[in-house]
Structure formats: C-alpha cells, structure tokens
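The values are calculated or read from the model by the stated rules, or taken from the named source; none is laboratory data. Owing to the predicted nature of the structure, the values given are computational and were not obtained by experimental measurement. Glycine gets a Cβ as well: all are built from the backbone with ideal geometry, and neighbour counts include every protein chain shown.
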C-alpha cells in the first residue's frame, strides 16, 4: 500500500509540471518618457537616455551630467540600447513608450535593451 502511494506521488511530480500553460505571454516592462540625450559609441552601440519628465528649459540647456542628476528623482530613468535605424529616427525631445527586456546593465542609470519603441505625440 505504501509503495502504491509513493509511486502515485512520484508519477504526479513528474507529470504535473509538464502540464503547465507554456503559452502565457511574458509581460515585459514598459516605460514612458522623453528622449533627452543620444549617443553612439564608435558607431556600434546606439543609446538613448530617457527621463520620465523634464522641463523645456532643462531639456534645451542641459547636458548629460544635468540629466543624470535629474534621473536621481526618476526611478525609471535609463539608457536604452537601440538599433541604428531607431536611433536615427528619434530626436531629442521626442516622447516615447518603450518595451524593454528584463535584463539591465549598470545600476544607475541602468542600461536596458529595447524590444519595442513607439513615438508618442
């Protein structure tokens, strides 16, 4: 009797995990903000720096050090790695909605890889 119970438990432990729903869509994080800075390092790595909010004056007169200071109060502020085509199609001041990968490099400001990016008017 005990062997039968143990066998049933063992079989259920093997079979049940295989029955989980593998068709669930992963929900990648989505961020919204304004492109405040663009950089490409030796034409290989294209990055956008995005803040959630910034005044017109700060955007117009600021530099990357100023933007990073502003990022301390904006937890979603980040660099985003994009392809060359996306990099060239976006301008500083453009509002964007970004779907990013789960992984990120650096701690502050983080560097995230873009899965999808949309312009917001």
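Are any residues in the stretch 67-83 buried (at least 19 other Cβ atoms within 10 Å of the Cβ) and in contact (Cβ under 8 Å) with a residue 40 or more places away in the chain, and if so, which ones? Hits for the stretch 67-83 are 77, 78.
Counting only residues that are surrounded by fewer than 16 Cβ atoms within 10 Å (Cβ to Cβ), out of contact with any helix residue (DSSP H, G or I) (no Cβ under 8 Å at 6 or more places or on another chain) and within 24 Å of residue 63 (Cβ to Cβ), how many does the stretch 84-103 have? Residues flagged as surrounded by fewer than 16 Cβ atoms within 10 Å (Cβ to Cβ), out of contact with any helix residue (DSSP H, G or I) (no Cβ under 8 Å at 6 or more places or on another chain) and within 24 Å of residue 63 (Cβ to Cβ) within the stretch 84-103 amount to 5.
Identification of helices (runs of 4 or more DSSP H) wholly contained in the stretch 46-121 with 1 or more residues that are closer than 22 Å to residue 29 by Cα and over 15 Å from the mean Cα position of the chain (by Cα) yields 64-71, 84-89.
Within the stretch 10-21, the presence of at least one residue that is at pLDDT below 80 and outside any helix (DSSP H, G or I) is confirmed.
Cβ separations smaller than 6 Å between residues 6+ apart or across chains give the following pairs from the stretch 88-107 residues that are under 21 Å from residue 41 (Cα atoms) to residues that are part of a loop (DSSP other than H, G, I, E, B): 100/29; 104/110.
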